[in-house]
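Rule-based calculations on the coordinates, nothing more; no lab input. Since we're looking at a predicted model, the values are computed, not measured. Glycine gets a Cβ as well: all are built from the backbone with ideal geometry, and neighbour counts include every protein chain shown.
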Amino acid sequence: MNIFNHEFKSYSKSVAIWSGSIFLIILVYLSAMASISVDIQTFNDILASFPEEFLIAFGMTELDLSSIVGMYGLVFLFCQICLAIQAANYGFSLISIEERELTADFLLAKPIGRGKILTAKLLAAIASLTITNLTVWVSSFLIINLNNDGQSYETKPVILLLLSIVVFQLFFLSVGVLISLLMKRVRSVTPLSMALAFGMYVLSAFGGMLGEDTIELISPFKHFEPNYIIKNVAYDTPLVLISVITILIAIPASYLLFSKRNIHSAV
């Protein structure tokens, strides 16, 4: 429990920054899009002038920007990128921070097994990500209602998008932990988390542009594509299962690797 409390407190500043940033993204972008909705036909004409490959890359094909839900779907993609970077950052730093700061020997000297240490750290990271998740929920409905002039809208697509955040975050968290344990030493977390998040996004974008479905399959951005969820009011279940299976493989594999890892210490 002491490990959990220490880790959870260490994430507090990061959670505040990421939550505030995502709130501002939803507020600024959704408010801006809602303000030009009165001239939505002009905006649609502008979009139609862009190459189809560009629209596919940014998930803007067949978007109904005449509705607040369609606008939110586009904004949610930016939120996904932020959520991916945050979760990947926590994943890569979960164990590597002890090695970089040479505090691993102090931690491992305590009368507690490595499995319990990793569990406490994972729970602290998940709890921190959950706070960001809740912020997205509250911010989304608050700002949607503020910009919808009291009109009714279909809430189910929005709820489905928000529910997808849990698996989306766990994918990047668990994969980040696994990759960090496969590496001999993680010297800097930020480049790795950015590379993983944007790498997965680029795979999804270029897979759509090139028509290569096999490339898209490994990207959670494709598994939880906002445009698909809004259009079908459902998940693409086979793709979602890929994310779930990846998490179920990555977490046990991380426990196994951590139990056998030669941890760098100050000595």
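For Lys121, go through the lysines and keep the ones whose alpha-carbon is under 27 Å away, minus same-chain ones fewer than eight residues off.
Reachable lysines: Lys9, Lys13, Lys110, Lys184, Lys260.
Just to confirm a number: summing +1 for Lys and Arg and -1 for Asp and Glu over residues other than Ser259 whose beta-carbon lies under 12 angstrom from that of Ser259, what do you get?
Numbers: positive: Arg114, Lys116, Lys260, Arg261; negative: none.
That sum, taken over residues with Cβ under 12 Å, equals +4.
May I ask you to evaluate 6.51 cos²θ - 1.76 cosθ + 1.60, the Karplus curve with θ = phi - 60°, for each residue of the range 176-190 and list the ³J(HN,Hα) values in order in whole Hz, giving x for glycine and proline?
Listing the rounded values in order: x, 4, 4, 5, 4, 7, 7, 7, 5, 7, 9, 8, 8, 7, 4 Hz.
So which lysines pass the test for Lys156, namely a Cα distance under 17 Å, with those fewer than 8 places away in the same chain ruled out?
Lys231
Distance in nm between label sites at Lys156 and Phe4, each 7 Å beyond Cα in the beta-carbon direction?
Modelled inter-label distance: 3.7 nm.
If I take R0 = 25 Å and measure r between the Cβ atoms of Met183 and Leu24 in this structure, what FRET efficiency does the formula 1/(1 + (r/R0)^6) give, to the nearest 0.05?
With a Förster radius of 25 Å, E is 0.15.
Report the full-extension gain for the segment Leu142 to Arg261: residue separation times 0.36 nm, less the Cα-Cα distance, to one decimal in nm. Can you show the working numbers first?
Details: separation 119, 0.36 × 119 = 42.84 nm, distance 4.59 nm.
Taking 0.36 nm per residue and subtracting the Cα distance, the gain is 38.3 nm.
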